[in-house]
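**Student:** Got a structure for you, written out below as structure tokens; questions coming shortly.
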Amino acid sequence: MAKAKITYVCSKCGASSLGWLGKCPQCGDWNTLVQQISSPTAGPVRARAGRSTAVSLASVAAGAEERLPVPMGEVERVLGGGLVPGSVVLLSGEPGIGKSTLVLQLAMLLATDSARVLYVSGEESARQVSLRARRIGETPAELYLLAETSVEAILEEMAALQPTLTVVDSIQSVRIEEKTGSAGSVVQVRDSASLLARAAKEAESPLILIGHVTKSGAIAGPRVLEHMVDTVLYMEGDRYHAHRMLRSVKNRFGSTNEVGVFEMTQAGLEEVTNPSEAFLAERLVGASGSAVSVTMEGTRPILVEVQALTSRSALENVRRTANGFDYPRLLLLAAVLSKRVGLPLGQQDVFVNVVGGLHLNEPAADLAVAMAIASSAVDKPLAADVALVGEVGLSGEVRSVGHIERRVQEASRLGFKACVLPRSFGKSPRSPQGMELVPVRSLRDAMQALDLR
Ligand code: TYD
Ligand code: MG
């Protein structure tokens, strides 16, 4: 009789080892290895009956896959089209960010369009889900709820109901009964996902799995699944702000370059089709220390307000605080402003905040951040209708960035009248009507152009 095989699997990154180790050889974390006992019934590899045979790739009909249309434009944008039959989408994000809300909404809309949807909730009771559904809207008859944590029971229900779409909320809450390990353990998460995915493939209907991650990534989960699924979506945002971003970090059927924007309201998530307008909505025009940048989220330009405040420090060591902006980048910009422009920031605390809970990862936001700081330091507001785009180098030079035309167009669409941008773009003459392009070579130039003296 075959003997049970014991291996050790890292609960963080999924690496496996034959013996127990205190430190994971792959991710280097301590005490993350857990024992995994493989089923003793699994015999040596044998050829299966009815196995597939190799086919000439050229003979495979490519045909556009029939996708299940997604009734939410922002989700469809991120997926790169509808849901592909038999595909598995993993939606991950921190607890409380709105994953269940988004998927329930999607399920309700699809079921209203008379698709049959099976929503499996392993975390919440039927009553809780129904309360949430009531907040969102009318519950359609074709939406089926299964409050269940047993994978075997879920598979049975999938076979009986033949849904057009299945949702499992969340993959960490379900377990295969005949296997050891509690729900949420690496082995259970991985094997449950693999069984559910196989069922979806066989039924040729899409499957959405919800998975939680924490900031430290400490909980076993989505990370081990990422290579098993076709699409990985990530929902993020600032818990204290209403805006949520949906990004794809892996997509077998589309680009990973698109971002969906939502706003959490009293009645579920609302799609934000005009993010620039939303992010500028509360801007206080005429205040010093405020600048507007145009950032690219995927292929989409979005206008955002950057705020800076400089104030004389009461402490011996001055403070620099960045919210929504890279901290080392802020230190760099403050140093460049001191050294190259002569702005006296040596005794000043500098605070930078990106409005709306957005995170500006792009170097193209440098110029706006630098000019917001300068504006606060000299206590003069920037003109309200100027947008700024450009990367700042260590010599105080303003360097070119990508997608300038798109950014300028978006600024123009929102009624901005001027755009300060890197000189290297100055030669390209295409500027939207009523938009003045102000090419600058350096931070000094920019300050002059903006009348910050
Ligand atoms: P939820 O979808 O449960 O998050 P997740 O599944 O990612 O853990 O939503 C979490 C938050 O959203 C919760 O704090 C309540 C809030 N919320 C609203 O503000 N409006 C709504 O209509 C709903 C359904 C939830
Ligand atoms: Mg949830």
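Every number here is computed from the coordinates shown, using simple stated rules; none is lab data. The structure presented is a predicted model; accordingly, all values stated were derived computationally and were not measured. All Cβ positions, even for glycine, are placed from backbone atoms using ideal geometry, and neighbour counts span all protein chains on display.
**Student:** If you place +1 on the Cβ of every Lys and Arg, -1 on the Cβ of every Asp and Glu, and leave all else neutral, what size is the dipole of the chain about its Cα centre, to the nearest 20 Debye? Before the final figure, lay out the partial values.
**Tutor:** Numbers: 47 positive and 47 negative charges, 284 e Å.
Dipole about the Cα centre, nearest 20: 1360 debye.
**Student:** Now a separate question. Where both residues lie in the chain, what percent of DSSP beta bridges are antiparallel, nearest 5? The partial results should precede the final answer.
**Tutor:** Details: 44 of 85 bridges.
Bridges in the chain are about 50 percent antiparallel.
**Student:** Then there's this: If I fit a long axis through the Cα atoms of helix 126-136 and take the longest principal axis of the Cα atoms of the chain, what angle between them do I get, 0 to 90°, rounded to 10?
**Tutor:** With both axes taken from Cα atoms, the answer is about 40 degrees.
**Student:** Mind pulling the angle between the C-alpha long axis of helix 186-203 and the longest principal axis of the chain? Nearest 10 degrees, somewhere in 0 to 90.
**Tutor:** Tilt of helix 186-203: around 80 degrees.
**Student:** Related question: Expressed as an acute angle from 0 to 90° and rounded to the nearest 10, what is the orientation of the C-alpha long axis of helix 366-378 relative to the principal long axis of the chain?
**Tutor:** Once rounded, the angle reads 40 degrees.
**Student:** Which residues make up the longest stretch of the chain that has no chymotrypsin sites (Phe, Trp or Tyr not before Pro) in a DSSP loop with at most 13 other Cβ atoms within 10 Å? Walk me through the numbers on the way to the answer.
**Tutor:** Working: sites that count: 20, 240.
Here the longest segment lacking exposed loop sites spans 21-239.
**Student:** Using Cα-Cα distances under 8 Å and only pairs 6 or more residues apart, what relative contact order does region 114-159 have, in percent? Let's see the in-between values first.
**Tutor:** On the way: 40 pairs, mean separation 24.2, N = 46.
For region 114-159, the relative contact order is 53 percent.
**Student:** Mind listing the Cα extents of region 47-189 along all three principal axes, in Å, largest one first?
**Tutor:** Cα extents, longest axis first: 52, 41, 30 Å.
**Student:** Now a separate question. Name the residue farthest towards the positive end of the dipole of region 156-255 from the options 249, 173, 186, assuming +1 on Cβ of Lys and Arg, -1 on Cβ of Asp and Glu, about the Cα centre.
**Tutor:** Of 249, 173, 186, it is 249.
**Student:** Here is a follow-up. Just to check I understand the Karplus step: with θ = phi - 60° and J = 6.51 cos²θ - 1.76 cosθ + 1.60, what whole-Hz values come out for region 111-119, glycine and proline as x?
**Tutor:** Karplus values, whole Hz, x for Gly and Pro: 5, 5, 7, 6, 8, 8, 10, 9, 9.
**Student:** Along region 343-359, what does the Karplus equation 6.51 cos²θ - 1.76 cosθ + 1.60 (θ = phi - 60°) give for ³J(HN,Hα), rounded to whole Hz, x for Gly and Pro?
**Tutor:** Coupling constants for region 343-359: 6, x, 9, x, 10, 10, 6, 10, 10, 10, 9, 9, 6, x, x, 7, 10 Hz.
**Student:** Mind checking region 289-359 for GluC sites (Glu not before Pro) that DSSP puts in a loop (not H, G, I, E or B) and that have at most 12 other Cβ atoms within 10 Å? Let's see the in-between values first.
**Tutor:** Values: sites: 297, 305, 316; in loops: 316.
Counting only loop positions with at most 12 other Cβ atoms within 10 Å, the GluC sites (Glu not before Pro) in region 289-359 are 316.
**Student:** Right, something else. Starting from the alpha-carbon convex hull of the chain, give the projected area averaged over all orientations, in nm². Please report the intermediate quantities before stating the final value.
**Tutor:** On the way: hull surface 112.2 nm².
Its average projected convex-hull area is 28.1 nm².
**Student:** Run the lone-cysteine check on the chain: no other Cys C-beta under 4.7 Å from the residue's C-beta.
**Tutor:** That list is 419.
**Student:** Measuring from centroid to centroid over Cα atoms, what is the spacing of region 395-453 and region 144-214 in Å?
**Tutor:** What the calculation gives is 51 Å, centre to centre.
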